[in-house]
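Below is one structure; the comments refer to it alone.
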Amino acid sequence: MQFMLLFSRQGKLRLQKWYVPLSDKERKKISRDLVQTILARKPKMCSFLEWRDLKIVYKRYASLYFCCAVEDQDNELITLEIIHRYVELLDKYFGSVCELDIIFNFEKAYFILDEFLLGGEAQETSKKNVLKAIEQADLLQEVSQTPKIFT
Amino acid sequence: MPAVSKGDGMRGLAVFISDIRNCKSKEAEIKRINKELANIRSKFKGDKALDGYSKKKYVCKLLFIFLLGHDIDFGHMEAVNLLSSNKYTEKQIGYLFISVLVNSNSELIRLINNAIKNDLSSRNPTFMCLALHCIANVGSREMAEAFASEIPRILVAGDTMDSVKQSAALCLLRLYKTSPDLVLMGEWTSRVVHLLNDQHMGVVTAAISLITCLSQKNPDEFKTCVSLAVSRLSRIVSSASTDLQDYTYYFVPAPWLSCKLLRLLQCYPPPEDGAVKGRLVECLETILNKAQEPPKSKKVQHSNAKNAILFEAISLIIHYDSEPNLLVRACNQLGQFLQHRETNLRYLALESMCTLASSEFSHEAVKTHIETVINALKTERDVSVRQRAADLLYAMCDRSNAKQIVAEMLSYLETADYSIREEMVLKVAILAEKYAVDYSWYVDTILNLIRIAGDYVSEEVWYRVIQIVINRDDVQGYAAKTVFEALQAPACHENMVKVGGYILGEFGNLIAGDPRSSPLVQFNLLHSKFHLCSVPTRALLLSAYIKFINLFPETKATIQEVLRCDSQIRNSDVELQQRAVEYLKLSSIASTDVLATVLEEMPPFPERESSILAKLKKKKGPGAVSVTELEDNKREGGELNGGGDRGPDTAAMAASNASTPSPSADLLGIRSAAPVGAPPASTGSLLVDVFSEAGPAAPSAAVNDDGFLRDLEQPTETSDSLLVEGSGDSDSAPPSEDPAPPLSEADELLNKFVCKNNGVLFENQLLQIGIKSEYRQNLGRMYLFYGNKTSVQFASFTTTVSCPGDLQSQLNVQTKPVEPLVEGGAQIQQVLNIECLTDFSDAPLLNIKFRYGGALQNLTLKLPVTINKFFQPTEMSSHDFFQRWKQLSQPQQEAQKIFKANHSMDTEVLKAKLLGLGTALLDNVDPNPENYVCAGVIQTKSQQVGCLLRLEPNAQAQMYRLTLRCSKDSVSRRLCELLAQQF
């Protein structure tokens, strides 16, 4: 996978993850072009499109579009399920996730993604294992915070 | 759970995000952000040391601002400080900031690497993972240098936690992708491959991505992975849906891992070991079988995961291309998907079938779905699906269904989306050519194509139809008749006019017998389109007209009338004006014989790959033109253009070429390196002179194959760079009054004049310089014509001729100053008198300076005065020649070069060049009739230098050996140098 973008129906980027080195300018241009292309598509259209030399796989969940760019030999359907699994992870962590959760806790969205995908490849596909890792980290936070609250 | 309560909840951050969200306008948002940035900056700069929490909060705010799309130029140091915090949450935010915001060349990289190093050696798995994630996210070369050797160790160590192994594997993959030279697996290879056997499915899932990438680059070292992958796959495929617990996804066991295993196997040929292969085939069959079973869930995730594996398995089957049974089963399975209600599946089935169509085992099976695919092309609502359908039709096309497919594609074109029209046009054109059984069908198809989608018909397409018509006698009459009819439509596309003009100009005579298409009717029909066309098309039509004069003498008066009218002969477009003038002159001064030679029918084009195919490949990348392309060539042997031995007659080609300049020149293909496009604008009488010299005799026309057209074309190439130089001069340093150094291409320009005396020496967008020269004994006279191509006056126009260095004592050049003003469109002349005192090697320099619109133009050229200009030819017998040859036997008297042919090796061309050199070309002297020998005396004031020349071509090797023997060694060397550039 080369990158993943999350954006709203209004075209606002909510999360961007780049797995290939690109300049800031290129990233902005790609996001702009792609957001425009995808928002212009009708609901029943297929979830895949050829874009430059990449395959784009996208799916809309409520008000958010999840969009991945994969290489030519990559499998579109399994990428679609990568997106779904990520949505499930967010949903489980935040408890029926909505766009606001991702806006206000963007750093968590990045942490969860890093546990799930690394370098553009699936690192851990088990929902349980990913959430366990995140919760352990949260626990570490609480431990280090506890003294602050009680003293 | 309310959103903000998760984790540590930085209140300040949440407030800031709310503020931003409440901003009513972009301006308000920017204002709020600037306020925040100022606040953070002052906090970071303040004397009071910030506590970790505040630092984390501010760094997180900066990150948020950056992700909104604003630039962040500070805070990096604070983020790096967070890395060494012992509080996990601070460290984590620090790493996130670094991952998102630090680019590879940051100076901070050393500090960051230190922090990472500490975390990697901390033995705390959570910290180790954070550090590995950071490396994987940044993936810079500096990080590869620092960690590429450490990470494999972590990956294979026995005591590494599973989660760390997973991160290490993918971290290494990322480093390998950025810096493959730094990631050396060596001793680790086998242990990494054995990760495929790991008990932990997550470790296998992560490791297999790394192994796949490494296998692609070093298949031999990793080939043991094949059997491991097969057994792992087999275990997954045969497991019940509950066996793999959390790795089962909607009742599908380990879909991601399965896909990756199948993908890994595609890096290798089918396993050689029979048992392994048998097991794999079993797996593939099971996957195909499972696809047929009733779904275990109605959720789309279930079917997607299942079908993801199926498509990957089909990819592997296609990759092996050795199991007819599996290929046909795959094809049938995909056939079912073609009518599935899920758009995604229809799309993928069409895509996958494209590759199946190229396998000989499944090509026929794919073809049975033609009706469904045509239907998809007509009815799919999503353009990307229609595009796939069009691709598949193209891939499944063969002789048996070509007419149907081409007809369907043509009718689809009428309503096709703009985005895919051009590609569709190319595909139709290729199929029509490849499967043409009769050429009338081909011609009809292409003309239809132009009619339906004229705007999308690229030059390659109409060039190609002309190439084919010219190369096939049997279709020429039909083509002429068809274009004639097509042109009768009240509104026809300009591309139709181009094809019509070209074909009627060549083959109008084939239909002239019918009074309904008599010569005059043809001419009037073409000319009725003239005024609506663009300049290049008009130029082409003018060439068609002159061809008409040759084909049909009875049209001469009418056409001359047209050429003579002011709108042609005084056209503001120089190209059109030039053609009108030249053609009018040609038609009035040349005899019918000369006219017939110059305007002869175009010779057949050399056989080569279709230019359209090349274009499609370029458009879609090499993979796009499917394997059928190659296979068909194998099967059928490109027949449309069959018979590659009809080489063009060079002299005739040159003549035809001279009569129809560049828009047709690119069609010719013999000069593929020549720049395409309009020839340079040129004014004045000069070109008429050159032209009249080019016309009549065949040998001189042959010279012009190399000289004349090059003159026309070359300058366009050089003009751009020059203008850059010129303007660079004027806006960098204050205009220098020193003569500019000679142009980089000055030598090249000089070389073009070694064997001829007249032509265009130089041309850019402002100025054209023409030359005529004559020499007698040791004296020469050169006329320089400076043409102002612009409509603006050149001021302070001065020219200086200088003889640098030794040349001063060798050559005497005298001239008078020229008028300092050159009006727009005007031409001025300068005469140089040249005297050769003794032999010389360098060329005199011509410096030209003038002001154009205030900017100083300053350029220096080499004047084409070369030692050979002072040759007197000497006729001698074979006996005399060899006697003198022997007399000049001192080693330094001889100069020899062996070189590759750069130009045509045609006899007439060579002879013309050698004559142009100024020597006598001696017949029956060399025992080998293939060789050329020449003799001459160079006349200088101080002495005469006798020269003998021998040129031995080797047509097979496309090489020459050139030998010169002269009574003066410096002359031998110089002549050898000059001449080696000419052939």
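The values are calculated or read from the model by the stated rules, or taken from the named source; none is laboratory data. Values in this document were obtained by computation on a predicted structure and should not be read as measured data. Positions of Cβ are generated from backbone atoms using ideal geometry, with glycine treated the same way; all protein chains shown enter the neighbour counts.
Data for the structure
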| quantity | calculated |
| --- | --- |
| Test for A:Arg14: is it more than 21 Å from A:Leu113 (Cα to Cα) and outside any helix (DSSP H, G or I) | no |
| Top-ranked residue of the stretch A:87-103 - restricted to ones that are touching a residue at least 60 places away in the same chain (Cβ under 8 Å) and more than 8 Å from every other protein chain (Cβ to nearest Cβ), ranked as nearest to A:Ile134 (Cα to Cα) | A:Ile102 |
| Strands (runs of 3 or more DSSP E) wholly inside the stretch B:786-859 containing at least 1 residues that are surrounded by 14 or more Cβ atoms within 10 Å (Cβ to Cβ) and more than 43 Å from the chain's Cα centre (by Cα) | B:811-815, B:827-836 |
| Checklist (1) surrounded by fewer than 17 Cβ atoms within 10 Å (Cβ to Cβ); (2) under 24 Å from B:Cys171 (Cβ atoms); (3) facing another protein chain (nearest Cβ under 8 Å); (4) at pLDDT below 90 applied to A:Asp138, failing item | (1) |
| Test: residue in the stretch B:241-255 that is within 14 Å of chain A (Cβ to nearest Cβ), touching a residue at least 24 places away in the same chain (Cβ under 8 Å), over 20 Å from B:Gln333 (Cα atoms) and aliphatic (A, V, I, L, M) | yes |
| Residue count, the stretch B:149-180 (criterion: among the hydrophobic types (A, V, I, L, M, F, W, C) and under 37 Å from the mean Cα position of the chain (by Cα)) | 5 |
| Options A:Thr79, A:Thr125; residue that is more than 7 Å from chain B (Cβ to nearest Cβ), farther than 30 Å from B:Val15 by Cβ and hydroxyl-bearing (Ser, Thr, Tyr) | A:Thr79 |
| The stretch B:764-785, subset among the basic types (Lys, Arg) and surrounded by fewer than 15 Cβ atoms within 10 Å (Cβ to Cβ), residue nearest to B:Leu863 (Cα to Cα) | B:Arg781 |
| Complete set of residues in the stretch B:371-389 that are away from every other protein chain (no Cβ under 13 Å) and either in contact with a Gly (Cβ under 8 Å, 6 or more places away or on another chain) or buried (at least 18 other Cβ atoms within 10 Å of the Cβ) (or both) | B:Thr372, B:Val373, B:Ile374, B:Leu377 |
| Which listed residue is away from chain A (no Cβ under 13 Å) and either over 23 Å from A:Ala137 (Cβ atoms) or at pLDDT below 85 (or both), from B:Asn39, B:Asn81 | B:Asn39 |
| Filtered residues of the stretch B:752-784 (kept if part of a strand (DSSP E or B) and closer than 20 Å to B:Arg851 by Cβ) | B:Phe762, B:Glu763, B:Leu767, B:Gln768, B:Ile769, B:Leu784 |
| Test: residue in the stretch A:48-59 that is in a strand (DSSP E or B), under 20 Å from A:Gln2 (Cα atoms) and either acidic (Asp, Glu) or touching a His at 6+ places or on another chain (Cβ under 7 Å) (or both) | yes |
| Complete set of residues in the stretch B:374-426 that are small (Gly, Ala, Ser) and modelled with pLDDT under 85 | B:Ala416, B:Ser419 |
| Residue, surrounded by the fewest Cβ atoms within 10 Å (Cβ to Cβ), within the stretch B:107-151, restricted to residues that are outside any helix (DSSP H, G or I), of a type outside the set (A, V, I, L, M) and away from chain A (no Cβ under 13 Å) | B:Glu107 |
| So B:Leu261, is it at pLDDT 95 or above and closer than 25 Å to B:Asp321 by Cβ | yes |
| Answer residue from the stretch A:37-48, given it is within 18 Å of the chain's Cα centre (by Cα) and more than 11 Å from B:Asp382 (Cβ to Cβ) and is nearest to the other protein chains (Cβ to nearest Cβ) among those | A:Ile38 |
| Any chance B:Leu334 is within 10 Å of another protein chain (Cβ to nearest Cβ), more than 34 Å from the chain's Cα centre (by Cα) and either more than 26 Å from A:Ile78 (Cβ to Cβ) or part of a helix (DSSP H, G or I) (or both) | no |
| Top-ranked residue of the stretch B:38-55 - restricted to ones that are under 30 Å from A:Gln10 (Cβ atoms) and in contact with a helix residue (DSSP H, G or I) (Cβ under 9 Å, 6 or more places away or on another chain), ranked as surrounded by the most Cβ atoms within 10 Å (Cβ to Cβ) | B:Ile40 |
